[in-house]
Amino acid sequence: MDILLYDNWERQLRTFTPIHKEWVGLYCCGPTVYDYAHIGNLRTYLFEDFLRRTLEFNGHHVRHVVNITDVGHLVSDADDGEDKMEAGSRRTGESAWDIAEKYTVAFKADCALLHIREPQIWCKATDHIAEQIAFIAAIEAKGFCYQTSDGVYFDTSKQDDYGYLARLNRAGIEAGKRVDIGEKRNATDFALWKISPKDSQRQMEWDSPWGRGFPGWHIECSAMSAKYLEPWFDIHCGGEDHIPIHHTNEIAQNQACYNTRLANYWMHGYFLQIDAGKMSKSSGDFLRLQTVIDQGYDPLAYRLLCLSAHYRSQLNFSWDALKAAQTGLNRLRESYFAMPAGGSVNEEFAQRFLHEINQDLNLPKGLALAWEVLKSDISDADKKATITHFDLVLGLELAQWQPKAAELPAEVIALMEQRKQSRANKNWAESDRLRNEINALGYDVEDSAGGMSAKPRAGVSV
Ligand code: AMP
Ligand code: ZN
C-alpha cells in the first residue's frame, strides 16, 4: 500500500518513494543540550518516532540519525548573542562539556520512557568539527561565503531560490530589517564559522583556516547527514520553527556544496502550546516529562495524548487532556490484559489501520480504530492479536504491562486477606460480601487455582 507523506518542500501530500531499495535515510534535528527537554520538544520526537514506526511497519529498513547540538546554537537566531551552551554553563556553574553530557543523558532517558526508538546513529556536533570545517571550506571554494571580523558568513544573495522551503519573502525581509546586521551583507546571511572574541576565552573552541572559534548551528546538520546518510537522502524532520531559519540554511549549504536540498521529503511537527502560547526552553518556564511523572502520570499517557492529535496540528496542552489520556491508557491496558492470547490478527481491521497510518500518519484515526476493535464482535483473542499488531506503531507496549500487586491500596489488601480466610473457612456468604466491598473500591477480584488476585477494574483510574 502507498504511504502518503506531507512534504513541506512541495507543500503537498506525496507518495513516498525511497531513494534506495534497501534502506530509508531519516535525519532528525536533535536537542540543544543546554537544559532539559520540555514536553513540547518531546512531541516532535514522538512524531518522528511515529514516522519511523510507520515506515518500519510497511517493511522499510530505516537508517535513523539524530544529532546532538552541543555547540554553536546561539541565543539569538540572528547569529549573535552567547552560545546557549556557554550561557547554560554560566547559569549552573558547571562546564559546558559537563552540561552537554548531563542533558544528553537526561534526553535519552526521556525518550526511553516514551518508547521512542533509539536512532542507529547519535552524532554530536563537537565530535564532527573536522567534517564541518571541510564542509565550510567546500562552500568557500564554490564562492558562496565571505569573511567578516567575527566570522565566515554564507552569502544568501548568491542563491536565487534561497528560502524556498519557507517561501521567504526576501525582498520584504531586506526592506523591513530593523536590527543592525553588522558586517553581514544581507539580513538572511548566516554564520558558518564564528571567531572567538579576542577579549574572552570560550570553553568550546577549535582552530580553523579562518581563526580560532566554533561552527555555526546549521553546518553540523549538513555535515553529519552527508556523513551518515548521503548528501541526498529520503526524509528530514524537525519542529515547525526550523522551517524559516535552520532548515532553510541547511538547504542553502547543501545546494552550494552538492546541489541538493538534502532530503527528498521535508516533514515538520507542529508545536505543543500552553494557553495558546508556545512552550520554549529559553523562557525557562516549561514542563518536563519529570514534571508530568511527579504529578502522578505515566509518561505513556503523554505518548497517548500526542497520538490523539495529528502531527500537523498544534496541540494545546492541559492537565485535563493529560488526565483523560491517562484514563484512556488505563482502560486500554486493562482491557488488553483481560483478553486471552492465541488469536489471530483480524485482516479487515489490519488493512484499515494500515490505510489510516499511511495517510500522512493519521495516528488519531489509528488509535480510534483500536477502540473500535475493542467494541467489535470479533473474539477477545483476535482483538488482542489485532491490537498487538497496531501497537507496533502506537508504541504503548501494552503486552508488557501488568497490574502490579504493590499498587493495591492497603485497604484492598486487608479485605483480600479477610476474604482468603473466609474462603478457607468455607464461609461463602462472608466471602461474597467482602468481594462486594472490594468491588466498591473499584477493584475486581479473580479466584484461580493459584489463589486470589485483585486488579483495578477497567475504566477506573485508581
Ligand atoms: P531544541 O532542543 O531547542 O533545539 O529543539 C529540539 C526540537 O524540538 C526541535 O525539532 C524543535 O523544533 C522542537 N520544538 C521546540 N519547541 C517545541 C514545541 N513547543 N513543540 C514541539 N516541538 C518543539
Ligand atoms: Zn538540524
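The values are calculated or read from the model by the stated rules, or taken from the named source; none is laboratory data. Quick caveat: nothing in here was measured; it's all calculated off a predicted structure. So basically every Cβ, Gly included, is an ideal-geometry build from the backbone, and we count neighbours across all protein chains shown. Surface areas here come from the heavy atoms of the whole protein model, side chains and all, with no ligands, DNA or RNA. Shrake-Rupley method; radii C 1.70, N 1.55, O 1.52, S 1.80 Å.
Go through VAL62, VAL33, VAL66 for me and flag whichever is of a type in the set (Val, Ile, Thr), in the same structural domain as HIS236 (by TED's automatic domain parsing), more than 15 Å from ligand 1 (Cβ to nearest atom) and modelled with pLDDT of 90 or more.
Values: VAL33 fails: more than 15 Å from ligand 1 (Cβ to nearest atom); VAL66 fails: more than 15 Å from ligand 1 (Cβ to nearest atom).
Answer to the check: VAL62.
Among GLU240, GLU220, GLU250, which is the only one that is assigned by TED's automatic domain parsing to the domain that holds SER157, under 20 Å from ASP79 (Cα atoms), within 16 Å of ligand 1 (Cβ to nearest atom) and under 19 Å from the mean Cα position of the chain (by Cα)?
After applying the criteria, what remains is GLU240.
So which of ALA263, ALA191, ALA187 is open to solvent by 10 Å² or more (accessible area, probe 1.4 Å) and in the same structural domain as LYS124 (by TED's automatic domain parsing)? Explain how you work it out, then say what you get.
Details: ALA263 fails: open to solvent by 10 Å² or more (accessible area, probe 1.4 Å); ALA191 fails: open to solvent by 10 Å² or more (accessible area, probe 1.4 Å).
None of the other options fit; the residue is ALA187.
Does TYR103 count as of a type in the set (Phe, Trp, Tyr) and within 13 Å of ligand 1 (Cβ to nearest atom)? First the steps, then the outcome.
On the way: of a type in the set (Phe, Trp, Tyr): yes; within 13 Å of ligand 1 (Cβ to nearest atom): yes.
In short, yes.
Just to be sure I understand the filter: pairs with C-beta atoms under 6 Å, separated by 6 or more residues or on different chains, first member in the stretch 14-42 and open to solvent by 10 Å² or more (accessible area, probe 1.4 Å), second member among the charged types (D, E, K, R) and in a strand (DSSP E or B). Which pairs pass?
As it stands, the answer is ARG14/ASP7; PRO18/ASP234; ILE19/ASP234; TRP23/ARG63, since those pairs meet every condition given.
Assuming VAL75 fulfils every condition listed in (1) open to solvent by 20 Å² or more (accessible area, probe 1.4 Å); (2) away from ligand 1 (no atom under 16 Å from the Cβ) apart from one, which condition is it?
(2)
Can you name the number of the only condition in (1) under 34 Å from the mean Cα position of the chain (by Cα); (2) modelled with pLDDT of 95 or more; (3) surrounded by 15 or more Cβ atoms within 10 Å (Cβ to Cβ) that LYS158 fails?
(1)
Tell me, yes or no, whether the stretch 98-105 has at least one residue that is touching a strand residue (DSSP E or B) at 6+ places or on another chain (Cβ under 7 Å) and either surrounded by fewer than 17 Cβ atoms within 10 Å (Cβ to Cβ) or touching a residue at least 40 places away in the same chain (Cβ under 8 Å) (or both).
Checked against the condition, which is being touching a strand residue (DSSP E or B) at 6+ places or on another chain (Cβ under 7 Å) and either surrounded by fewer than 17 Cβ atoms within 10 Å (Cβ to Cβ) or touching a residue at least 40 places away in the same chain (Cβ under 8 Å) (or both), the stretch 98-105 yields at least one hit.
Out of the stretch 117-146, which residues are of a type in the set (Asp, Glu) and surrounded by 15 or more Cβ atoms within 10 Å (Cβ to Cβ)? Walk me through how you get there before you give the answer.
Keep residues of the stretch 117-146 that are of a type in the set (Asp, Glu), which gives 118, 127, 131, 140.
Correct list: GLU131, GLU140.
Would you pick out the residues in the stretch 268-286 that are at pLDDT 95 or above and open to solvent by 20 Å² or more (accessible area, probe 1.4 Å)?
TYR270, PHE271, listed by residue number.
Name the single residue, out of those in the stretch 178-228 being among the hydrophobic types (A, V, I, L, M, F, W, C) and in a loop (DSSP other than H, G, I, E, B), that is modelled with the lowest pLDDT.
The selected residue is VAL179.
Residue-wise test of (1) touching a strand residue (DSSP E or B) at 6+ places or on another chain (Cβ under 8 Å); (2) closer than 20 Å to TYR153 by Cβ.
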| position | (1), (2) |
| --- | --- |
| SER196 | yes, yes |
| PRO209 | no, yes |
| TYR228 | yes, no |
| TRP232 | yes, no |
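Is there a residue being touching a helix residue (DSSP H, G or I) at 6+ places or on another chain (Cβ under 8 Å) and open to solvent by 70 Å² or more (accessible area, probe 1.4 Å) anywhere in the stretch 383-391?
no
Of the conditions (1) assigned to a strand (DSSP E or B); (2) of a type in the set (Ser, Thr, Tyr); (3) within 13 Å of ligand 2 (Cβ to nearest atom), TYR265 fails just one. Which one is it?
(3)
Return a yes/no flag: does the stretch 80-99 have any residue that is within 11 Å of ligand 1 (Cβ to nearest atom) and either at pLDDT below 95 or closer than 29 Å to THR291 by Cβ (or both). Give the derivation first.
Start the filter on the stretch 80-99 by keeping residues that are within 11 Å of ligand 1 (Cβ to nearest atom), which leaves 84.
Subsequent filtering for residues that are either at pLDDT below 95 or closer than 29 Å to THR291 by Cβ (or both) retains 84.
Looking for residues that are within 11 Å of ligand 1 (Cβ to nearest atom) and either at pLDDT below 95 or closer than 29 Å to THR291 by Cβ (or both), one finds at least one in the stretch 80-99, hence yes.
If you take the residues in the stretch 1-50 that are within 16 Å of ligand 2 (Cβ to nearest atom), assigned to a loop (DSSP other than H, G, I, E, B) and under 16 Å from the mean Cα position of the chain (by Cα), which one is nearest to LEU287 (Cα to Cα)?
ALA37
Suppose we filter the stretch 229-260 for residues that are more than 15 Å from ARG43 (Cα to Cα) and either part of a strand (DSSP E or B) or open to solvent by less than 30 Å² (accessible area, probe 1.4 Å) (or both); how many remain?
18
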